[in-house]
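As structure tokens, the structure follows; a few thoughts come after it.
The values are calculated or read from the model by the stated rules, or taken from the named source; none is laboratory data. All of these numbers come straight from a predicted model, not from anything done at the bench. Quick reminder, even Gly has a Cβ in these numbers, built from the backbone with ideal geometry, and neighbours come from all protein chains shown.
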Amino acid sequence: MKSIVNLILILAAHTTFAQTGIIWSQTADVASSQFGNMHPRVVIDGAGDPMILWGKGNANQVFFTHWTGNSFASPVAMNPNTIPVFAASWAGPDLASRGDTVYVVFKQTPEDANNIYLVHSFDGGVNFSAPVSVDAIADSISRFPTVSVDAKGNPVVAFMKFNPDWTNARFVLAKSEDQGNSFSTDVLGSGYSGGEVCSCCPASLATDGNTTALLYRNNLNNLRNSWASISYDGGNSFGGGIEIDNTDWIINACPATGPDGVIVGNSLYSVFMSAASGKSLCYRSHSNLNTQQLEMLEPLTENVAGLAQQNYPRIATSGEAAAIVWTQTVNGDAQLGFQFTNNISNGYSPGYEILVPNNVVSADVAFSATKIYVVWEDLSSGKVKIKSGSYISSGASDLSNTSGSFQIFPNPASSSGLYVQFDVPDASRVNYKIFNTQGQQLVSGVGAATDVGLKMDVSSLSSGIYFIRISHHGQVEFRKVIL
């Protein structure tokens, strides 16, 4: 707990509340620009603190740091000089954690003549093992490793595999039964849609207990939809596939972006980019793991004025809470978008946050029980950046206007009147603030918790969806209203 408090103090020189009901810290640097900033990835340790991995492409290095309780540790190179690593903004090394066990995977470059390696730490990233070869590729070629942790705490590694002439692109999976000291022969994970996989599109893994989903973009005669292969025995074999993306994007080129996903109960929640509409847009989908059927697919955002493209979505969960990050270009600005729900089965709130307004290349997100960490590649500074967000149990996506210590009425309301009425009236001070779906504060006021009810001034607001922050008796609660 102390380390979380210290992180809040360092990152939170000031905080902002946004559409999601999250209290965000100030942006902070993870490391200086001399260490690079490509393709950052973030997970949490046993204390709920962030551990971050990224690449430095021009030096063929991969760096790692962890929160020490007061600051981020000096970055440590995961690869020895004898193993130069492939790293780019759109692809690169990956990591996964469970408690203080951390696994890092990376691909030695050049790709056509070298292996994939894994290093592990059992003390939250303080000390790491020597690299262990993952792929028994013989005369084949491998690339794009991704890693997750199985029910026993062992690493599960998926990677793309080719024949020696760069044909027959497929994704395979290799397992370890001894905490990453050795790996089994890989098993085929892709292939349920026919064709090959998209040969320059990275994959991702989602694991929950013995259920593993391998998410990848396929290539069936240039049909580039995304799929998920499902294993129910911890990745020893795969028993079918789900087309998590039926947008039917046909392109005679490689888009260099793949899907991401999480498993919650019997559901697989996925995010991906598709340009089937004529514009590169990010989508989310929901699939039933019992029936292996796609049940829902929708764009992340509604029509955004000035939007040129969206890409590189990532999703993370903690229990039922979930968050999505992605990059988008709007009116020439390379933004970082963010969505949050306190209960993923209930969906997401309308709208989204612009967490960073410009100069973002790629991003990632991770959860603890009370904190959200977002990292990104900042183009202007050449650094990896981080924001920390505190979220509360009554998230904006599933708030009830009749629960808690007060009610807001009427809802929907007109601009002529919106009231807060308290279950136990008194003369105590009440503060309220009203935000739009972009997280901008539009109205604030002070009143008393009388039995008549506190009238909030909404006369300046146009029709739409808003979020209200009520502070009363030292407690803060949020409500969603429609005008």
Of all residues being surrounded by fewer than 19 Cβ atoms within 10 Å (Cβ to Cβ) and of a type outside the set (Ser, Thr, Tyr) in region 32-56, which is farthest from the chain's Cα centre (by Cα)? Just the residue, please. Gln34
Answer yes or no as to whether Ser280 is of a type in the set (Gly, Ala, Ser) and buried (at least 24 other Cβ atoms within 10 Å of the Cβ). no
Region 172-192 - residue that is buried (at least 19 other Cβ atoms within 10 Å of the Cβ) and not charged (D, E, K, R) and, of those, farthest from Arg314 (Cα to Cα): Phe183
Restricting attention to region 376-388, does a residue exist that is under 27 Å from Glu302 (Cβ atoms), surrounded by 23 or more Cβ atoms within 10 Å (Cβ to Cβ) and modelled with pLDDT under 95? no
Return yes or no: is Ala151 over 25 Å from Arg284 (Cα atoms), among the hydrophobic types (A, V, I, L, M, F, W, C) and part of a strand (DSSP E or B)? no
Determine whether Phe162 is closer than 24 Å to Trp249 by Cα and of a type in the set (Phe, Trp, Tyr). yes
In region 116-129, is there at least one residue being in a loop (DSSP other than H, G, I, E, B) and buried (at least 20 other Cβ atoms within 10 Å of the Cβ)? yes
Do we find a residue being crowded, with 17+ Cβ neighbours inside 10 Å and assigned to a helix (DSSP H, G or I) anywhere in region 306-319? no
Go over the candidates Gly395, Gly417, Gly404 one by one and state the one that is at pLDDT 75 or above, out of contact with any Leu (no Cβ under 6 Å at 6 or more places or on another chain) and not hydroxyl-bearing (Ser, Thr, Tyr). Gly417
Region 414-444 - residue that is part of a strand (DSSP E or B) and of a type in the set (Val, Ile, Thr) and, of those, farthest from Leu461 (Cα to Cα): Val430
